[in-house]
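Just below is one structure, and these are the notes that go with it.
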Amino acid sequence: MSVYYTSTDHFVLLPALLLALFGCATLLFDFWVFPEAKHRRWLLIFLVLGEVFAGVAYFRQQMFLVSHGGDLSAFHGALVIDHYALFFHWIFLVTTLIVGLISYRYLEVRDEHHGEYYGLLMLAQCGMYFLASGTDLVTIFVGLETMAISFYILVGFLRSDQRSNEAALKYLLLGSFSSGFLAYGFSILYGIAGSTRLRDIAAAVSTRDAWNPILLLAMATTGVGLLFKISAAPFHMWAPDAYEGAPTTVTAFLAVGSKAASFALLLRVFIGPLGPARPSWEPLMIGAAILSMTIGNLAAVTQTNTKRLLAYSSINHAGYILLGLIAGNPTGIMGVLIYVLVYTFMNLGAFLVLTSLTRRGLAGEDINDLRGLMKKAPGHALAMLIFLVSLAGIPPTAGFLGKYFIFLSLVETGHYVLAVVGCAYVAVSIYYYFRMVKAVFVETGETDMPPLTVSFGTRVALGVTCLLTLGIGLYPEPFLRLAQLSISR
Amino acid sequence: MLAPITTGHYLVLSAALLLIGAVGILMRRNVVVIMMSIELILNAVNINLVAFDKYLHKLNGQIFAIFVITVAVAEAAVGLGILIALFRNKETVLVDEIDLLKW
């Protein structure tokens, strides 16, 4: 093999290649091989197959890292596979798989195309691969846009629904605005270092003063672009609209996958190359974290649409995760990883229950649609209770564990005020999560509502998310070890 | 005799383009004009990259610029597609009339 594409390069890139290949193949198969409705099942099987192949590739990479130690760098340092990247790759894989499984019935109910949907899910995941593994500005930017553009289309997937159109348009306009800012920041970073590799940029940045105006400009534009992507206030305006208008399954994917990927990138950029400039970006992050918690919590209190409520709750969670970055010590970074992992499962689970509320002629998005769920589907109701308790951060669920490490790191680094503010907002968040709990258990709904139809895929997905949300809370050791491994360099 | 154009001039130009683009996105009502403003921002990035390349005598930035152009085109294509889907249902391209979801 040539020096341009070595076997190491292939080994590192393989999962992304497989995802792109299966994604494109699903698009084509939908068109040529399985155009009839009765063959739709095969398209979902294709997605599962693609994920299984990618999973095997990730597993082989993980085994290699465990046996050889260190990390694998490919394409002259443009891509890297380390435990940190793999931690996120597994999250993306499980997320895509679960979203795919719960989407089948949702798409049937909404009379939408299947092939394009599954294809775009895999292409978005391919973009996420480059966000977590990219160590070169060009690679990162292209990966980010691959993910973002797939998401724009997915959000607007219900073409005949005005709300979906509108959500897609708003998401696209604000998303590309933020991508533009991010790219501007990247171009300045390139100018500072004369190289697009994160490693070289880190070396160049460390020789400069943190308050150097050019570096400040690069930091500010990159920071604003990334804060947009993680939907932290005051750059959160797109999130509630995009979450509300998008198909519920896509909202789940957006809230979990896109956010986890953006956090993977945020940590890589701000701990790595911009790490030496910490004094200048710390105030920005503190401001964003406090604003996110404030706006997320206060706006969520008045919402009646469950998807919008969870959107504000996700803004709130973004604030908490940022606190881990602000603390910045190993406990804090580990807290961020644990929080992202935990957030993935509890949020996926909550959206999953909302998705199964969607029936023909009923959107199932109002908080009143949750009424009487306990009578109709006790399994779903109990699962929803677990997810909401976990989102509020009450032990023994996993949500508590995420918050515990974040607060621990804040106390360790002496950010007492932030820790107190964070704790106070937990109390506020309990109010609106328990409004949903009350609707599920206490209030009674109309009795003539059509019953829930639950597919096999949804059952599996519900079981997995429920088990992990409780499991990580009750028996955290293996997950803590995994997170610890990911931050050891 | 005019002073030669330096990297600093290019950076000022690109900063101005970024500002014009940002103001355009925030102030204009027409979605098509907003998309043009986004193109302005991405072109500010390209000017930056090429100016730095000229200064540093390198090629990486120009390759980055080609990728930025490609991404801009993909984004515009998807954006116009979404806009047409919206226009079919709603018959407007003005952002203040697209108000089904609270901003």
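Derivation of every value follows stated rules applied to the coordinates shown; laboratory data play no part. The model shown is predicted, which means the values in this text are computed figures rather than measured ones. Positions of Cβ are backbone-derived with ideal geometry, glycine not excepted, and every protein chain shown enters the neighbour counts.
Taken residue by residue and averaged, Cβ atoms of other chains lying within 10 Å of the Cβ of B:44-52 number 5. Pairs from the list A:LYS229/B:LYS90; A:LYS38/A:LYS375; A:LYS259/A:LYS375 with a Cα-Cα gap above 32 Å: A:LYS38/A:LYS375; A:LYS259/A:LYS375. Under the rule a/c < 1.5 gives rounded, and otherwise a/b versus b/c splits prolate from oblate, where does the range A:51-175 land using the Cα gyration tensor? Taking the square roots of the gyration eigenvalues as a ≥ b ≥ c, the range A:51-175 is oblate.
Packing, as the average of other Cβ atoms within 10 Å across residues, places the peptides A:347-358, B:4-15 in the order A:347-358, B:4-15, highest first. Within the same chain, aspartates and glutamates fewer than 8 places from A:LYS376 are excluded, and of the rest, those with a Cα less than 19 Å from its Cα are A:GLU365, A:ASP366, A:GLU443, A:GLU446, A:ASP448. The trypsin sites (Lys or Arg not before Pro) of the range A:328-403 that meet both conditions, a loop assignment by DSSP and at most 14 other Cβ atoms within 10 Å of the site Cβ, are A:ARG360.
Based on C-alpha pairs under 8 angstrom that are at least 6 apart in sequence, chain A has a relative contact order of 14 percent. Centre-to-centre, using Cα atoms only, the range A:190-259 and the range B:77-95 are separated by 28 Å. Using the rule -39500 (n - 2.57) for each DSSP H run of four or more residues, divided by the residues of chain B, the 222 nm mean residue ellipticity is -27000 deg cm²/dmol. Remark: relative contact order (the range B:30-97) = 40 percent; criterion is Cα-Cα distance under 8 angstrom and separation of 6 or more residues. Working ranking of peptides B:18-29, A:455-466 by packing, defined as the average number of other Cβ atoms within 10 Å per residue, highest first, is A:455-466, B:18-29.
Listed by number, the DSSP H helices of chain A that run 30 Å or longer by alpha-carbon position along their axis and have mean Kyte hydropathy of at least 0.0 are A:7-32, A:40-68, A:83-110, A:162-193, A:278-301, A:306-327, A:330-357, A:416-441. Against the compact-protein benchmark of 2.2 N^0.38 Å, the Cα-based radius of gyration of the protein assembly as shown scales to 0.93.
So, R0 is 30 Å and r is the distance between the beta-carbons of A:LEU17 and B:GLN62; what FRET efficiency does that work out to, to 0.05? That gives a FRET efficiency of 0.70.
Each part reduced to its alpha carbon centroid, the range B:2-23 and the range A:338-402 end up 50 Å apart. Shown for A:ASP136, B:ASP99: other C-beta atoms within 10 Å of each C-beta, ranked fewest to most, produce the order B:ASP99, A:ASP136. Counting neighbouring beta carbons within 10 Å and listing from fewest to most, the residues A:SER7, A:SER150 come out as A:SER7, A:SER150.
Rounded to the nearest 500, the helix-only mean residue ellipticity at 222 nm of chain A stands at -25500 deg cm²/dmol, with each DSSP H run of n ≥ 4 adding -39,500 (n - 2.57).
Relative intensity of chain B on a log10 scale, I(q)/I(0) at q = 0.17, 0.24 Å⁻¹, equals -0.84, -1.23, per a Debye sum over C-alpha point scatterers of equal strength in the absence of solvent. Distance between the 7 Å Cα→Cβ label points at A:VAL454 and A:GLU412: 4.0 nm.
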